[in-house]
Structures are given as structure tokens and as C-alpha cells.
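These notes are about the structure you will find just below.
The values are calculated or read from the model by the stated rules, or taken from the named source; none is laboratory data. Nothing here was measured: the structure is a model prediction, and the numbers come from that model. No Cβ is skipped: glycine too gets one built from the backbone with ideal geometry, and neighbour counts run over all protein chains shown. Calculation scope for accessible area: heavy atoms of the full protein, side chains included, ligands and nucleic acids excluded. Shrake-Rupley method; radii C 1.70, N 1.55, O 1.52, S 1.80 Å.
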Amino acid sequence: MKKFINSIKQWPSRTKAGIDGFLYNKLHFQDKQVDLLWHYLSGLWDQILAIIPISVLQIAVLGIFYQQTIYDPGLQVMGLILAIIGLTLFLDGLRVSIMPMAECVGQELPQRLHLVFVLFVAFILGILVTYAEPAISALRPLAELVNPNDAPYLYFLMNTQQELMVLAIGLGVGVAAVIGTLRFIKNWSLKPLIYMTLAPTVGLACYMQWGNPNLAPLIGLSWDCGAVTTGPVTVPVLLALGIGVMQSSRKKRLAQAALEGSVAAGAGNALEGFGIVTLASLFPILAVELMSIIDGAIYDTEYVTNKALEQYNSTSDPNPVDEPPLSGVVYGIRSIMPLVAVLFIIILIVLRRPLPECTVWVEAARQKEDSVSKEQGTRLDRASVAISKLNRTESESSFEDIESKKSSTIDGGSPKTTEQNNSDEEQSAPPGANGTVDVVTEQQKKKPFILMRWLFACGRWCRHNAPLLVGVALAQIGMISFNEGLAYAFTKLGSQTGQVLPGAFLEVEAVPDSPLYSYAGGLILVLVVIFFIGVLATRAEPALNVLGRTVERLSNGSFTCRMLIGAVCVGVGIGMAVGSVKILYQLNVVYFILAKYAIAVALTIVTGDAITAVAWDSAGVTTGPVTVPFVLSIGIGFSEAVKSTEGFGILTIMSVSPIISVLLTSLLRKPAKAAGRKMSKLNRTFKNLTTFNMRKRMDITPSFAMATFEDATPSQSREPSAHGGTEFSQREEASTSV
């Protein structure tokens, strides 16, 4: 049996060795090609393990407990395949292109530009990453479920003022980026910023609930808008911006301290670079709340109700852009291209430096230590982030200088001066010809050559930056494919799950013979299923893996990636179960907000700044492209099943729970280690006592054996010793005394 188990354990390594031998010997692959192939296979396998269990769990629950099959199984299988491939390509494109550019901007901005321009660029990036988030579009299906008679202001805001609402969310993220940048440059603490942001946000929510009851349905929408702003584009860019700005400002402080002769070695904490994502989650809530209160002050209830009913009763064909598959392409392009274009403009025009040199190849494990010792600067993940040589020497010429020198060089010679060019033109002019006409003729002759020269220059630029362009293409294709997979697989499957699950203990239309089980048993079944769905959906988030690896690297392994992911997954599962209770029983979301944020703030007070920033950022990381559409689709199904006026609030409650779980993990980590050390000491002491007793028995047993042997042989008498007694009795006494 042991041999069989060992053979199973050794099977992956043997298989990998066999494949490596085939690649090296038969296909003549090089080391970097083999490493890249295994990188893609590993990423593909990770996404399969992250996405497939969610779908299998839902299909199994629907089939076993409800005797139902999924809708359009062929389309859903195709959607799952597209989601897996798209997520793999998107993460690799993020590794190759977007992360090096974002970190380059974060490092260079404070060094090259004035503080005002740095804040302006941070504000623009904050708005663009909001428009680039595909999760923003996940709010639109919820607008169709709102009844204008029950919640006129909610319908008016989500349908009539939808673009204005997205702009308000973007402005909130932009303000958060500005304040986060100031925090790193001015070395502000994160805790006061959290308190100062939460106070007006919670205060406005209380006013909307009790001060103006017509705005109460907008509370869940406002807080869910803060949850959808931190996805696969916002989180990496803002993390890179935060870490880059923090480290560059630290270099300035250390340089100033060196001039004064008082450099403090090891000052600062790299984990303080986190926290900007937290602000990007809170300020959009405040922006949407302010917009809702302004609408309530400007428009009266009668006007809003008439406007909402007019739009609700109007019959028009749906916009093809909002329907798949075209919606996936449009939102995918809008997610990547504007952000990439702005990063190009900032690096090439504002900073006036070349793009960072990237590579599609991955570092092999055998070369990792050498590359880490040679490369300087910061990387979010040295094993996966592309090698970016950001600190170039000043002697390197820019692209424009090289082209200007080449344009003034003839046949590989040295550059000519203006006088030499004029003399050459005079010598080349034919005698007796008109100078003006000849100049025009020569310029017309040179136009094709100038065009060809620029084409060759563009070709050289593309070849030089080919890895970066390949990374952008991978990110773009991956995002489009992932959006299509979400539209055809996750959204449909999640909506069906949300419509069917309440049939375990409630009477719903999707389940004919509902309720199927007792009230208590059915409720427990629904909550357990929702908990595991939340855990699996969070585990599938790409941004959580990025954050976990970054935290583990910056904390020198004290807070591991597995520890962070486990705490966040458990927190999201519990929060999703509590949010489901809110929608199923149509409870007031403001009470959940007050209770959970009170617990989070209390834990924040007794936790260090570095772990506090990581914990509050984990709330934004969990609401990405997998979780947001999936959770919202389940919320849609719940609201349809129980005939609720709105399906908001589940994201809000779910996003607070990881903060509490990560803070508790941090606080309980040291006591758990101390308890583990005590248990290990007790275990060692017990083993030592057991070993001593065994040795004692081993010393006594031969004496008794000898006595038995002598009793059995009477021919050999026991000779008394000089001290009296037999030799056996002396040995017995000596062993007993020992």
C-alpha cells in the first residue's frame, strides 16, 4: 500500500520529467521555451481548479437537491472554456505589459514632475481604471428588476442617470487615487484616513435611511458601487502606483537624511504601500450617496416617479452593444485600451523616457536567485512579473534623438552641419535652373523616402517593444474571452442558482413543488451552499493571487499567501451567506453596515498599520471579474424568487467580512504560534519521559531474566559475595536503586 501511495505521489514529477525529455530531445526546445510552456500549463491548470469547482458545485446542488438541469448546457460549457482561457491570457498579459508600465509610472512620477502634476495624473488614472472595469456593466441587469412604483429614485438613477452615476463613481476613484498618492508622499497613516472617510459615508447612509426614506433603496446601490470599482484592472494598477510612489518618496527621504547625516537604516515598511485600494472602495460610495442626496433635493417624488414610469412603459429594441457576444468585445476593449493608451502617453510624452523593457519569458526556478541578486528596484512578483530595466543611464538617447541623427547622416558617415547641407544643395543644383522650383522638386522627391524612413523607424520601434505589445494583445484577447465566458456561463448559471435555491424552504415559481424541505433544514442547506460558493468564487479571483504573492514577498514570508487567501475566502463565504439572508428576508442593509463596520473599526484600532492596509485592501480585491457578476447574478435570482424590489446589498456585506477575517487572522497569528510552540515543547517532554521509562525497563528486564535462568539451573550454586548476599541480589539492588 505504501509503495502504491508513493508511486501516486511521484507520478507528477515522473510525468514532468518524461515531457521535459521529449521536449528537449525530440523537439529540441531550449530552457526558456520549456519554462514558458510549463508556465502556461500551470496557469491553465490553476484556472481550471478555480472555475470548474464552482460550476460543478452548482450543477450538483441543482441536480441532487432540486432535481433540475442547467439551462443551455452546450453554451455554458463553451462559456466555461472561454472563461478559463481568457483568464489565463489576461493574467499573462498583465504580467508582461501592464504591471511594468504601472510600476514605472509610480516610480518616475514623483521624481520627474511637480506634486500638482503627479496628483492630476493620479486623478486621471483613477477615472480611467473605473471606466475600464468590466464589473461596472454587471450593475445594468439589476436595473431591469427595479419597480418604479416601489423605488422611483432607484429606477431613475440606474436608468435615466446611468452614465452620470458611472462618472460619479469614476470621480470617487480619482479622488481616492489623489489622496492615496498624497498619503505615500506625505507619509500619512492609513487609519485616520479610513476613519475620516467612513464617518461621512456611514452618516450619509443613516440620513438616507431615516432623514429621507425615499432614498433608502439607494443605500445598497451606493455601497455596491464601491465594491465593483476594484477589479482586475484597478487593483494591479493602483497597487503598483501605491508601492512605486511609496518607495520613491522613501528614497527622497533617505537622500535628505543622508545629507543631514542621520540616515536610519531599515526605516519604513514596504507593506505601507497598500491602502490605496481601500480608498478606491470607499470614495465611490460617498460620491454615489452625494449624488443621490442631490437628486432628492433637486427632483421631487412626483417628477421622479413620472419620469421613471415613462421610461419603464416605453417599448424599444434593446441596444445590441448591451447583448452578448458584442457586449463582451466592447467592454473588453474599453477595459484595456484606454488604460494602455494613457500609460503610453504618460511614459513617452509626460515622463519623456522609453517604455520599460519587458519579456514574455518567465524566470526559471534555477535562475531566480541569480536574477534577484542582479536586478535592483522593486517588482510585485519577481517570479512572474516581467523583467523591467527601469533605471537606465542618462547616456542613452531617446527615440527622437536617434532618428534626428540618422536623418542627418549620409551613407553611414558623420552628421553634417547646416552649412555643409547648404553647400551640398548648391553643388547638386543644375546650372541655369531656377532655385525655387528645384527646391520644391527635391522636397517632392524626398517625400517617399521620408515616409519609408518613418515606416522603417516604426518597424524598429515595434520590434524593440514587441514583448510589451504582445503582452497588451494577450491582455486584450484574454479580457474579451473572459467576458464572453461570464456572459454565457457564470451569469446564467448564477441566476438559475439564485432562482432555485430559495425553493428549499420557500414557495417560488422556479421550483414547482416548493418548498421541498422543512423551513430550518432548507434554510441551512441554502446558507451552506452559498458559503461554499463564496469561498470558491473568491479563490478564482486573479487579483487575490496577485495580492497574496505581493504581501508574502514584502512581509518576508511572515504573512504567507496561503494564509491571506484562506482568511479572505472564509470571510467572503460568511459575508455572502449573511448578504443572502438580507435579500431573502428583505432586511434593511444599513443595520448590517453599522454592525460590520463597527467590528472592523474596533479590530483596526488594535492592529498594526501594515496589516491594516492589507486587510482593508483585501475587501476590494475580492470584488473582481469572477465574484461581482457571479454574486450579482445570484442576487438577481434571489430577488426574482422572493419578489424583492431590489437585489443590492450582498456585495456590500460580503466585502466587509474579509476585512474582519484578515484582521482576526493577524491578531490570532502570534498567539497561535506561541500555543504551537508550547504544544511542541510538551510533546518533546512527553517523548523524553516515555523514552526514559522504556530505557529503565530495558535495564531491569535482563536482571529478571538472569534470575529465572539461575533458578532453572540448580547445579550452579549462588556464591555469596564479600559484602553478603548473592551476585544476583546485588545486581537487583543496583538496578532498583537506579
Can you tell me which residue is nearest to P502 (Cα to Cα) among those in region 550-609 that are polar (S, T, N, Q) and touching a residue at least 24 places away in the same chain (Cβ under 8 Å)?
S580
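So which residues in region 144-166 are within 30 Å of V121 (Cα to Cα), touching a residue at least 12 places away in the same chain (Cβ under 8 Å) and in a helix (DSSP H, G or I), if there are any at all? Give the steps one after another, and end with the answer.
Taking region 144-166 and keeping what is within 30 Å of V121 (Cα to Cα), we get 157-158, 161-166.
Still in the list and also touching a residue at least 12 places away in the same chain (Cβ under 8 Å): 157-158, 161-162, 164-166.
The answer is L157, M158, Q162, L164, M165, V166.
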Of the criteria (1) open to solvent by 60 Å² or more (accessible area, probe 1.4 Å); (2) farther than 27 Å from L547 by Cβ, which one A60 fails
(1)
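Return yes or no: is V470 in a helix (DSSP H, G or I) and modelled with pLDDT of 90 or more?
Numbers: in a helix (DSSP H, G or I): yes; modelled with pLDDT of 90 or more: yes.
Judged against the criteria, V470 is a match.
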Under 8 Å between Cβ atoms, at least 6 apart or on separate chains: pull out the pairs that start in region 176-202 with a residue that is under 18 Å from V656 (Cα atoms) and end on any residue that is among the charged types (D, E, K, R).
L190/R183; L190/E272; L190/D609; K191/D609; L193/R183; T201/E289
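Condition check ((1) part of a helix (DSSP H, G or I); (2) under 21 Å from A510 (Cβ atoms); (3) not β-branched (V, I, T)) across all residues:
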residue	(1), (2), (3)
T623	no, no, no
V628	yes, no, no
I636	yes, yes, no
S639	yes, yes, yes
S657	yes, no, yes
I660	yes, no, no
L664	yes, no, yes
L668	yes, no, yes
N683	yes, no, yes
Kindly indicate whether any position in region 508-515 is in contact (Cβ under 8 Å) with a residue 12 or more places away in the chain and either in contact with a strand residue (DSSP E or B) (Cβ under 9 Å, 6 or more places away or on another chain) or part of a helix (DSSP H, G or I) (or both).
no
Take the residues in region 328-349 that are among the aliphatic types (A, V, I, L, M) and modelled with pLDDT under 85; name whichever of them is farthest from V105 (Cα to Cα).
V330
What's the number of the condition Y71 fails, among (1) of a type in the set (S, T, Y); (2) touching a residue at least 60 places away in the same chain (Cβ under 8 Å); (3) open to solvent by less than 80 Å² (accessible area, probe 1.4 Å)?
(3)
